[in-house]
Amino acid sequence: MGKPTVILAIESSCDDTSSAVIVDGVLRSNVIASQKVHEEYGGVVPELASRAHQLNIMPVVDTALKRAGVAKEDISAIAFTRGPGLLGSLLVGTSFAKGLALALNVPLVDVNHLQGHVLAHFIEDGTGLHHPSYPFLCLLVSGGNSQIVLVEEDKANGRHLPKMQIIGQTIDDAAGEAFDKCAKVLGLPYPGGPWIDKLAKLGDAGKYPFAKPNIQGYDYSFSGLKTSFLYTLRDMLKEHGVETVDQLAERVPNLREDMCASLQATVVDILMRKLKKAAKDLNIRSVAVAGGVSANSALRQAFVDYGQKQHKEVFIPPFSFTTDNAAMVGQAGYFKYLDKDFCAIDEVPFAKTTI
Ligand code: KG4
């Protein structure tokens, strides 16, 4: 029996420090240290994120190795997120990965964070997750991205890493950004997406008819919806002669719940319309959703309904693989390792890069 292939993965693109271990393609550990320090600022503060990564990275990697029952001498390669993300945050993970790879004399594998989100659907975690077959469409929705990705087997090159092509994307804000900004206006904590999801369950999704974009092709736009949300609130404040959302909420019963439910339903409708159109036009049977916003309960339900009504095969990730995590980086790293697609030690991270 040969030596097992052990991939140590590191993710540090934003405000989660994460490390995972994949042994012969099976996920053995996935440790995530989330940073609470940003909550009081209503958004991620890049400098604070980098400092927190520096504090977290050693214990997180150490715990991932221990939980996996793997010694560092057993590592075959180190996969790390090279971008996109916050440069200072990426530098911490990249530098750590390089240092450890040099010390252990093992190859480095650079991973595109967005590809990682898509490849989360191939993680083998021992729970019998189903994997999409090629070709499939992936709706990638996070705080910084909203795109439809066509994922195809790379037959020409015989590679494990599939080919990915963006066929539609936001021309302004991302869906997660719209959730977070609207939540902020309502006085909800950061990140607002999960709060909107929670309050929406108690609200009337048809109460406020917010504006929907009219964009050609498979592209998205969320800036008009954000403005429509803001103006609806502004007009109500004026109408009731009050200055704050708290004062308005005393006069308008269920204000926050109804606004959240209406916003969520609008975002989900916008996202699903284009995805359905793309799947129909391209005659694709399998559709997946990925990224932080894929934790949204209404979006998950919309996928289930779509699958049942249109006889599509739908893939919804477990919650632990929706937000930033190193398991998905390890999965992408494992494919690239099998493809012998390594990264030179002097490569630098990218703040901005596409899939
Ligand atoms: O992928 P992600 O963890 O980070 C990056 O942007 O890379 O996504 C974070 C986004 C935030 O905008 C957050 O509000 C949103 O995902 N989010 C949600 C939910 N959980 C997280 N949005 C709506 N509903 C949720 N349940």
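The values are calculated or read from the model by the stated rules, or taken from the named source; none is laboratory data. Note that the structure is predicted; figures quoted are calculated from it, not measured. As a convention, Cβ positions derive from the backbone with ideal geometry for all residues, glycine included, and neighbour counts pool all protein chains shown. Accessible surface is based on the protein model in full, side chains and every heavy atom, while ligands, DNA and RNA are left aside. Shrake-Rupley method; radii C 1.70, N 1.55, O 1.52, S 1.80 Å.
Annotation: peptides 143-149, 45-51, ranked by per-residue average of other Cβ atoms within 10 Å with the highest first, follow the order 143-149, 45-51.
Karplus-based coupling profile of region 60-65, in residue order and whole Hz: 5, 5, 4, 5, 4, 5, with θ = phi - 60° in 6.51 cos²θ - 1.76 cosθ + 1.60 and x standing for Gly or Pro.
Taking label positions 7 Å along the Cα-Cβ direction at both residue 131 and residue 24, the computed distance is 1.5 nm, reported to one decimal. Taking amide H as placed 1.01 Å from N in the peptide plane, the amide H of residue 220 sits under 5 Å from that of 169, 170, 171, each at least 5 places away or on another chain. Springs between Cα atoms under 10 Å define the GNM used for the chain, and in it the highest mean-square fluctuation of 313, 239, 11 occurs at 239. Taking all Cα pairs closer than 8 Å and separated by 6 or more residues, the relative contact order of the chain comes to 24 percent. Accessible surface comparison of 329, 304, probe 1.4 Å, protein chains only, largest first: the order is 304, 329. I want to verify a result. In a Gaussian network model of the chain, Cα cutoff 10 Å, which of these has the top mean-square fluctuation: 295, 332, 71? Taking springs between Cα atoms under 10 Å, the residue moving most is 71. Measuring between alpha carbons in the structure, the pairs from 201/309; 3/340; 274/312; 276/312; 3/336 lying more than 20 angstrom apart are 201/309.
A straight chain from residue 72 to residue 36 at 0.36 nm per residue would run longer than the Cα-Cα distance by 10.0 nm. Accessible surface for residue 121 stands near 10 Å², nearest 10, in the context of the full protein assembly shown (1.4 Å probe). Could you tell me whether region 1-138 comes out rounded, prolate or oblate from its Cα gyration tensor? Rule is a ≥ b ≥ c as square roots of the eigenvalues, rounded for a/c under 1.5, then prolate if a/b exceeds b/c, otherwise oblate. It comes out oblate by the Cα gyration axes. For a Förster distance of 30 Å, can you work out the FRET efficiency between the beta-carbons of residue 153 and residue 269, rounded to the nearest 0.05? Result of the calculation: an efficiency of 0.45. Taking the DSSP beta bridges with both ends in region 75-189, the antiparallel portion is around 70 percent. Comparing mean-square fluctuations of 163, 98, 36 from a GNM of the chain with C-alpha springs under 10 Å, the top value falls on 36.
Here each label is just a point 7 Å from Cα along the line to Cβ, and for residue 235 and residue 166 those points are 3.3 nm apart. Rounded, prolate or oblate: pick one for region 106-203, where a ≥ b ≥ c are the square roots of the eigenvalues of its C-alpha gyration tensor, a/c under 1.5 means rounded, and failing that, prolate if a/b is larger than b/c, else oblate. In terms of gyration-tensor shape, prolate.
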